[in-house]
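*Asks:* Here it is: the structure, laid out below.
Read-outs throughout are calculated quantities, based only on the coordinates presented, and are distinct from any laboratory measurement. If you're wondering where the values come from, they're calculated on a predicted model, not measured in any experiment. Methodologically, a virtual Cβ is constructed for each residue, glycine included, from the backbone with ideal geometry; neighbour enumeration extends over all protein chains shown.
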Amino acid sequence: MNAASDSERPEGEPVSLWVATAGTTDYPALRGDIDVDVAVVGAGIAGLTAALALKRTGHTVAVIETARVGTGVTGHTTGKVTSLHRLAYTELERSHGADTARTYGQANQAAIEHIAHVVAEEGIDCGFRRVATYTYAETDDAVARVREEAALAARLGLPATFTTDVPLPFAVKGAVRFDGQAQIHTVKYLQGLAQAVNGGGSFVFEGTRAQRIRDGSPGAVDTGSGTVRARDIIVATNVPFGGQGLFYLRCHPHRSYLVAGRVDTPPLDATFISAEEPLRSILTASVGGTSYVLTGGEGHRVSEAGDTAGRYRRLAAFAHDRLGVVEIAYRWSTQDGIPLDGLPYVGRMSPAAKHVYVITGLRKWGLSNGTAAALILADTLSGRENRWAPVFNSNRTTPAASARRFIKENTKTAAAILAGKLSGLPSHAALAPGEGAVIKVNGESTAVYKDADGRVHAVSAICTHLGCTVGFNPSDTTWDCPCHGSRFATDGTVIQGPAAKNLPPRPVP
Ligand SMILES: Cc1cc2nc3c(=O)[nH]c(=O)nc-3n(C[C@H](O)[C@H](O)[C@H](O)COP(=O)(O)OP(=O)(O)OC[C@H]3O[C@@H](n4cnc5c(N)ncnc54)[C@H](O)[C@@H]3O)c2cc1C
Ligand code: FES
């Protein structure tokens with residue numbers, strides 16, 4: 001059984017700072033059938049950026065969002081808009097060569113400037129701020145790697161320097177510093193994008209789940225309440241839902257945790273990430289007149305969640321001890337797809353696809369990678385060449401190193417599937433309020449949760465993607481699938497794919 005008693009529960013309200021402080025949108029659900037040039041599924045940074053870029057070049061677009069604008073991964077991010085992705089250039093140069101690393105950097109730098117322009121042109125009030133970004137090192141070994149990253153990034157033409165002058169409230173040995181980077185309130189930014197997209201023959205639909213994609217001329221996105229017919233379709237649902245493109249085999253979902261704590265000091269003009277483990281990511285922001293420090297980290301493969309309350313507690317301890325946080329106000333977790341070879345997948349859904357495109361594998365740096373990806377597709381669908389497209393190509397052949405990683409990652413997933421199938425489940429469980437457990441009811445694996453009012457909710461424990469057994473996540477009160485990262489609410493509703501269908505209800509035991 002997985003549960004968290006009140007005394008064990010981590011500090012802070014279990015909601016993202018960005019979602020909690022943005023207010024909500026109220027776009028209608030799709031009712032009936034419509035025709036547009038481009039249908040975009042998913043109102044995260046990738047989908048909405050693509051939609052606006054396409055609208056600005058004369059296309060009509062319809063964005064279809066199952067929940068509300070910005071409530072997906074983008075609403076649960078740290079908020080850094082940067083081309084400094086920890087030590088990415090060293091890794092990319094090693095695995096793909098300097099040209100690819102340079103293109104990746106250029107695409108991400110251009111994404112920062114794109115966001116800056118959109119914020120200015122659309123007048124989006126989203127706390128956009130220019131900051132410097134640092135990857136800092138506390139040990140001699142890490143400082144050498146940081147120095148190497150700075151030199152390489154500078155050679156690639158990026159705004160990089162090595163420095164020992166790092167504006168953190170604790171001592172570090174050095175850092176790579178990128179100038180001219182940024183940070184945003186992500187949900188407010190997406191709400192601004194949605195507002196700019198909606199109208200003039202283009203639409204944003206909320207509360208509308210895409211259930212099926214049909215390629216063709218025109219193609220179609222079928223939802224429960226109508227169909228969007230379109231010349232082209234972009235699937236920007238973070239991970240494509242269902243089995244489209246088999247991307248759940250080419251990316252593995254990696255989850256991380258964040259806490260946002262109140263501080264008495266104004267925000268710094270800088271964001272940070274550690275070079276060594278345990279990874280710590282730091283951003284400061286003023287939201288509604290209150291100063292916050294966000295601390296992120298404790299990342300893991302979705303199948304290796306372990307003690308999630310302990311993960312929040314370790315982040316909170318770091319925030320209190322090293323960053324002067326007075327009180328943790330919010331805590332949350334989310335996950336993103338890590339591509340096998342370190343590069344996002346952007347382009348046609350499969351080699352055979354004609355009008356269906358995908359953006360996925362944003363490697364936990366999707367504010368910039370997702371923006372760059374959206375601009376690639378906006379060019380592609382407008383018949384313009386894009387010089388970053390070959391590097392991000394969704395149908396690229398996998399180099400040998402990635403093939404080895406493919407086998408390793410999928411062996412781990414197969415082990416998780418098998419563990420779910422073989423585990424003996426109890427036939428009953430005494431649940432306290434807030435607790436959940438997977439038990440056998442009439443021979444079926446059933447996910448049973450008792451809410452704070454003592455009401456029991458029962459849904460199938462078999463993930464609707466490929467049949468793994470879900471587990472209860474007591475810190476976030478969700479049912480999580482260990483295989484490819486689908487997450488479900490306690491009533492069985494899909495929160496995050498690749499699962500496309502809800503967990504069906506089961507009789508309450
Ligand atoms: C803990 C953490 C911190 C991060 N911090 C940063 C950071 O500081 N900077 C950075 O650049 N990146 C960061 N990232 C990565 C970044 O947040 C993501 O890469 C990015 O937000 C993904 O955007 P997206 O548009 O692909 O997905 P989403 O924002 O999830 O958008 C997809 C949307 O599709 C909707 N959807 C799903 N299925 C359907 C369907 N069938 N029909 C209709 N709608 C559907 C979802 O509801 C969702 O709103 C972080 C990631 C993690 C995990
Ligand atoms: S996410 Fe693939 S089986 Fe659950």
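*Asks:* Sticking with the crude label model, points 7 Å out along Cα→Cβ, report the distance from Arg56 to Ala452 in nm, one decimal please.
*Replies:* 4.3
*Asks:* Extending each Cα 7 Å along its Cβ direction at Leu246 and Arg9, get the distance between those two points in nm, one decimal.
*Replies:* 4.5
*Asks:* Here's something else I'd like to know. Please give the contour-minus-distance gain from Asp307 to Asp321: 0.36 nm per residue of separation, less the Cα-Cα distance, rounded to one decimal in nm.
*Replies:* Length gained between Asp307 and Asp321: 2.9 nm.
*Asks:* Packing-wise, with mean Cβ within 10 Å as the measure, how do 275-287, 232-244 rank, highest first?
*Replies:* 232-244, 275-287
*Asks:* Under the rule of -39500 (n - 2.57) per DSSP H run of 4 or more residues, summed and divided by the residues of the chain, what mean residue ellipticity at 222 nm is obtained, to the nearest 500 deg cm²/dmol?
*Replies:* Numbers: 11 runs with 141 residues, N = 509.
Taking each H run of at least 4 residues, the total per residue is -8500 deg cm²/dmol.
*Asks:* Give the residues of region 311-343 whose amide nitrogen is closer than 19 Å to a point set 7 Å from the Cα of Glu138 in the direction of its Cβ.
*Replies:* The answer is 311-326, whose backbone nitrogens lie closer than 19 Å to the label point.
*Asks:* Over the chain, what is the relative contact order in percent, taking alpha-carbon pairs closer than 8 angstrom and at least six residues apart?
*Replies:* Rounded, it is 18 percent for the chain.
*Asks:* Let me test this: with uniform point scatterers at the alpha carbons of the chain, what is the Debye-based log₁₀ I(q)/I(0) at q = 0.05, 0.07, 0.11 1/Å?
*Replies:* Scattering profile of the chain, log10 relative to I(0): -0.18, -0.36, -0.94.
*Asks:* Nothing charged except the Cβ atoms of Lys and Arg (+1) and of Asp and Glu (-1): what's the magnitude of the dipole of the chain about its Cα centre? Round to the nearest 20 debye.
*Replies:* The dipole of the chain has a size of about 1120 debye.
*Asks:* Quick one: if you stick a label point 7 Å off each Cα along the C-beta vector at Glu276 and Glu385, how many nm between them?
*Replies:* 4.7
*Asks:* Further question on the same structure: Which residues does a label at Ala151 reach in region 80-94, if reach means a backbone N under 14 Å from a point 7 Å past the Cα toward the Cβ?
*Replies:* 90
*Asks:* Can I ask one more? For a Förster distance of 35 Å, can you work out the FRET efficiency between the beta-carbons of Thr493 and Ala430, rounded to the nearest 0.05?
*Replies:* With a Förster radius of 35 Å, E is 0.85.
*Asks:* Ok, one more. For the pairs Lys188/Lys354; Lys55/Lys188; Lys80/Lys450; Lys55/Lys80; Lys364/Lys450; Lys80/Lys354, note any where the Cα-Cα span goes beyond 30 Å.
*Replies:* In this structure, Lys188/Lys354; Lys80/Lys450; Lys364/Lys450; Lys80/Lys354 lie more than 30 Å apart at Cα.
*Asks:* HN-Hα J couplings of region 454-459 from phi, Karplus 6.51/-1.76/1.60, θ = phi - 60°, integer Hz, Gly and Pro as x?
*Replies:* Going residue by residue, I get x, 7, 9, 10, 10, 9 Hz, with x marking Gly and Pro.
*Asks:* Once you measure Cβ to Cβ distances between cysteines in the chain, which Cys have no partner under 4.7 Å?
*Replies:* If one checks each Cβ against the other cysteines of the chain, Cys126, Cys251 turn up with nothing under 4.7 Å.
*Asks:* Right, something else. Efficiency by 1/(1 + (r/R0)^6): what FRET value for Ser217 and Ala29, r their Cβ-Cβ distance, R0 = 22 Å, to the nearest 0.05?
*Replies:* Calculated transfer efficiency: 0.25.
*Asks:* Now, a different point. Hey, can you rank 195-203, 362-370, 291-299, 459-467 by average C-beta count inside 10 Å, highest first? Can you show the working numbers first?
*Replies:* Working: 195-203: 17.3, 362-370: 25.0, 291-299: 23.1, 459-467: 21.2.
Order by mean packing, descending: 362-370, 291-299, 459-467, 195-203.
*Asks:* Same structure again: Given the Cα-Cα distance of Ala98 and Phe170 and 0.36 nm per residue of separation, how much length would full extension add, in nm?
*Replies:* 22.5 nm
*Asks:* Next question, about the same structure. Of the beta bridges DSSP finds with both residues in the chain, what % are antiparallel, to the nearest 5?
*Replies:* Around 75 percent of the beta bridges assigned by DSSP in the chain are antiparallel ones.
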